[in-house]
1. Here's a check for you: in the range B:181-200, which residue that is surrounded by fewer than 24 Cβ atoms within 10 Å (Cβ to Cβ) and assigned to a strand (DSSP E or B) is farthest from the ligand (Cβ to nearest atom)?
2. Taking strands (runs of 3 or more DSSP E) that fall entirely within the range A:476-566, which contain at least 1 residues that are surrounded by fewer than 21 Cβ atoms within 10 Å (Cβ to Cβ) and among the polar types (S, T, N, Q)?
3. Would you list the helices (runs of 4 or more DSSP H) that sit entirely within the range B:219-286 and hold 1 or more residues that are within 14 Å of chain A (Cβ to nearest Cβ)?
4. In the range A:126-139, which residues are away from every other protein chain (no Cβ under 14 Å) and surrounded by 15 or more Cβ atoms within 10 Å (Cβ to Cβ)?
5. Report yes if some residue within the range A:681-699 is part of a loop (DSSP other than H, G, I, E, B), in contact (Cβ under 8 Å) with a residue 12 or more places away in the chain, within 14 Å of chain B (Cβ to nearest Cβ) and out of contact with any helix residue (DSSP H, G or I) (no Cβ under 8 Å at 6 or more places or on another chain); otherwise report no.
6. Those residues that are over 19 Å from A:Pro433 (Cα atoms), in contact with a strand residue (DSSP E or B) (Cβ under 8 Å, 6 or more places away or on another chain) and crowded, with 24+ Cβ neighbours inside 10 Å, I need them from the range A:608-635; list them, please.
7. I want to confirm something. Restricting to the range B:80-108 and keeping residues that are more than 6 Å from the ligand (Cβ to nearest atom) and aliphatic (A, V, I, L, M), which single residue is nearest to B:Val191 (Cα to Cα)?
8. Among the listed residues B:Asp31, B:Asp44, identify the single one that is within 14 Å of chain A (Cβ to nearest Cβ), under 30 Å from B:Thr14 (Cα atoms), in contact with a Ser or Thr (Cβ under 9 Å, 6 or more places away or on another chain) and at pLDDT 95 or above.
Amino acid sequence: MPYETDYTNQGFTKVGTRVNRPDGVDKVTGRAKYGADANAAGQLVGRVLRSPHAHALITKIDTSKAEKLPGVKAVLTGKDFPDLTGGNRGLMDILENCMARGRALYDGHAVAAVAAIDADTANKALKLIKVTYKQLAHVTDVDEAIKPGAPIIHDWVRTAGVTPAPTTASNVAQRSEFGHGDVDAGLAQADVIIEKSFKTEQTHQGYIEPHACLATLGPDGSGELWVTTQGHFTFRNVCASLLGLEVAKLKVTSSEIGGGFGGKTHVWTEPVALQLSRKANRPVKLVMSRDEVFRATGPTSSTSVDVKIGAKRNGKITAATAELRYQSGAFPGMWAMFGAMTSFACYDLKNVKSVGFDVLVNRPKVAAYRAPSAPMAAFAVESVVDMLAAELGMDAVDFRIKNAAKKGTKASYGPVYGPIGIGPTLDAVKNHPHMKRKLGKNQGRGVACGFWFNFGGQTCTDLNIGVDGSVNLTVGTVDVGGSRASLALIAAEELGIDYEQVRVTIGDTNSLGHNDTTEGSRGTFSSGMATIFAARNAVDVLKQRAAATWDIPVEQVIWEAGEARAKGRQNNNLPPLSLKEIAAKSPRTGGPIAGHNEVVADGAGVSFASHMCDVEVDPETGATKILRYTVVQDAGKAIHPDYVEGQFQGGAAQGIGWALNEEYIYGDDGRLQNAGFLDYRIPVCSDLPFIDTQILEIPNPNHPYGVRGVGETSIVPPLAAIGNAVSNAVGVRMTHVPMSPPRILNAIETAKE
Amino acid sequence: MRFESPTTTKAAATLLASESGIAHVLAGGTDLLVRMKMGAIEPDLIVDIKRIESLRTLKVAAAGVQIGAAVPAVRLSESEKLRNLWPGVVEAANLIGSDQIQGRCTVVGNLCNASPAADSVPALIAAGAKALVVGPKGKRRVAVEKVVLGPGRTSLARDEFIEAVVLPARTGKSADAYLRFTPRTEMDIAVVSAAINLTLSRGIVQSAKVVLGAVAPTAVVVPAAAKALIGSKLDDAALDKMVAACRAACNPIDDKRGTIEYRTKVAGVMARRAALIAYERAGGSK
Ligand SMILES: Cc1cc2nc3c(=O)[nH]c(=O)nc-3n(C[C@H](O)[C@H](O)[C@H](O)COP(=O)(O)OP(=O)(O)OC[C@H]3O[C@@H](n4cnc5c(N)ncnc54)[C@H](O)[C@@H]3O)c2cc1C
């Protein structure tokens, strides 16, 4: 039975409280089991041999010596992965990324793998594999890759999205355009026009837990995979397709996850581990080293963006346009498209156009990173917005308020907005005490806005009530940031029972129907919706059991405060039946009581945030210190405010690292030079101030509680907010992220000349 | 791989001398274990020196300081006397890694690892520290700046190791200071650094030693910079001259951690700031 998804302004007793998370004790005591914590009898150690070259033909791989080494149980190369993709290019890209097929496409690309009885033997075996390479010309920079004469990454790629369809190969995999109105006409009306180009370097999500799995696959084609992932159902489907398995015969269990942020939405070594297991007929455990995580998983794009915005003297924007070039690594992606879609989403614009170019380079395949592609577009656009406000002599917040999108605005990427929070977050920023802090010498303040779509997707949830009245809620989204606590609160709210009575389990792929990957800020939105409905489904059963017990029609039973109550004067003699009482009698009233729901959770509400930050820049070294940072974001409804704030703070912290220091550094040889946490600098505690948060609640009309996703938007504004703050502090416009000390010092010195 | 933990320096020296393969001394292990884990080295013998009582001693007196090769960096900061005598050496040792790292790592390990960016090395050199080297033929004493030959290379023979470093007697109004530049506030590696040791008389610099780190294959002693300070009260002209001398002495590389230009510029900035701190600590006022 379908349940109503519309927002109803219901009151809450549990939702909105700050209860302890159920997985907290496990996590602080070390009892929680992560990707590398599972072991099986007779397991082998899997290791992957990776290309040291940015681009090379693999003319020969000699594995004979490795195979002869005692203790080696399986050796694989690209030849061991027959093409079962049926012409599906997307699947083939995944397969080719997992294991090179005749050509190494980036430094770190897998070319062979071994399974051996221990790590020493596996490492020795890797050294015995002799790969003969013929190096090819390579390109790693996004702008270089689209120049005529650049080495072509794939000769089969024709730029999609242009007419007429091109006939020659290009590194531009896709062109995508969004907007409406007439930009040229709009610019002609402008009193002031600002045009500027920006670059951002490639960053990695930097999750602390490396990829790890334990794979078992027998000759009968049935197997199990224990893995750290954001989407075990997706992993199952993809691995099954690549390896020719039936979906139902591969059971995938998601471990606890030590961070993913989008990087654990794709398979990397899992199909390799399964194939090694099939060949060796033993379980194989494969854990990536940090070096492998950096070189061979999916960082986000490096970008190059041009923005042009015009406005009237009165502060009204007349037209805005952007060209966005995003590299997607060695395989086509849709990352520039997301950049183009999000770039102007915060504003109400008559004339707007954004064009994205997805560009292939010899770098690892780009994956999602928290609101993928939006931060870079926001950096460019929000920088120009700031410059425009300054040029017009307007306050940067007032200028944004004047042009902010609102209910009824046609978004630059197409749809018409419902109730949204960009205006209210800007009002909150304007009135925040942070705004009144006096700035000292070498200090600057920056503000920026950010937008993200959010996603709903396929969801399936089970709720089982034990005979003692305790409740087991099984969901198929992974707990990446406290969702078990939020979902238990929702179940407790619906059933009218204590939060502690609910235990939430992340179900494996054989215990629930398909659940989409935990991405697009969907965990609490979609599993929350399915939990509400599963609980309501269980309440229907509870009411039936009470009706049967009382021998009255079920229509006369209502569910209130955790008990069945009989309505009507004729039922006055019937005392209420609590959930516990009904559960205790369930063996004799029809058996176990359960609720179930499967839903495509459409209508994820868009989400907006405004950030402000104060920085101090050392003019002699170019070092930036973040003095104060404030996040204001619309959560729709904060089910568990702590974890909403945690998401706000986490996004800001990652954004600060990205803005100031994080970057992939490639040498002229196309090799990654900083594949480790020493030289890939994510911030440490002492680099960050306390990150202040303010939650706004503008209900999403398409969720019973008004929930919007909150996980991603918080990383969208930081690059721009910090860029604006640093530029204001040093008096020079910063156009290249990260704004590392050498870049800032260089900008200061160049401006002096 | 063999792992030995002898209890005397003699036994340690014998073990090292009789190993035909690759032998490594293990102090805190914060470099050695990382390199082993990375697969950069595969030793045949590891000699853990932490069981040798004499190497675990830290002697602090105005007449001289001895820091045993197995003394973890955290113990330096725990000694108030040492902090007062050699604040620059202590602050350098306390920049290594983090609290966890400092609970294990040693300044001798820092020296023997021979990284151009090692934090305690410029401070030890500025302090005029000597290394006590033990080998099969007995002991020798060598200035710290003579230990490191280049990145990852020392002047120690394969059967020698360092027992301790000693700092000279402290006289008059003296103080040292160490500053490094890192993009992060901690858990980072010096992009450039400067150590300065000064002795004053009536506010005038009598003697000085200026040492730069991470601007050349080894730490660089800059006599011209010291000369610029001697006889001054650290007025701007003297400081400018010192900064220019420092920049002229830089011979850095362009790499992922910094450019030649940036390192050269910031070396001067660090040296100027360190000089002012040392001056104030020594009782000078401006
Ligand atoms: C997370 C992290 C952060 C770090 N941060 C910094 C930093 O900020 N600044 C910095 O300078 N370093 C840093 N380091 C490097 C390292 O911690 C220091 O170099 C430390 O001082 C090494 O001391 P140790 O006792 O651990 O040396 P070990 O690892 O035990 O030894 C280092 C090397 O010296 C040799 N050796 C050790 N003792 C002797 C001896 N008595 N005689 C002869 N040879 C010897 C060993 O064989 C080995 O080759 C960091 C390391 C890590 C892991």
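The values are calculated or read from the model by the stated rules, or taken from the named source; none is laboratory data. What you see is a predicted model, and the numbers here were worked out from it, not measured in a lab. Reconstructed Cβ throughout: ideal geometry from the backbone, glycine too, with neighbour counts over all protein chains shown.
1. Among those that are surrounded by fewer than 24 Cβ atoms within 10 Å (Cβ to Cβ) and assigned to a strand (DSSP E or B), it is B:Leu200.
2. Once the strands (runs of 3 or more DSSP E) in the range A:476-566 are filtered for at least 1 residues that are surrounded by fewer than 21 Cβ atoms within 10 Å (Cβ to Cβ) and among the polar types (S, T, N, Q), what remains is A:502-506.
3. Working: elements: B:223-229, B:236-249, B:260-281.
Fully inside the range B:219-286 and qualifying: B:236-249, B:260-281.
4. A:Leu128, A:Ile129, A:Val131, A:Tyr133, A:Leu136, A:His138, A:Val139, listed by residue number.
5. yes
6. Within the range A:608-635, A:Phe608, A:Val617, A:Thr624, A:Ala635 meet the criteria.
7. B:Ala92
8. Working: B:Asp44 fails: within 14 Å of chain A (Cβ to nearest Cβ).
Answer to the selection: B:Asp31.
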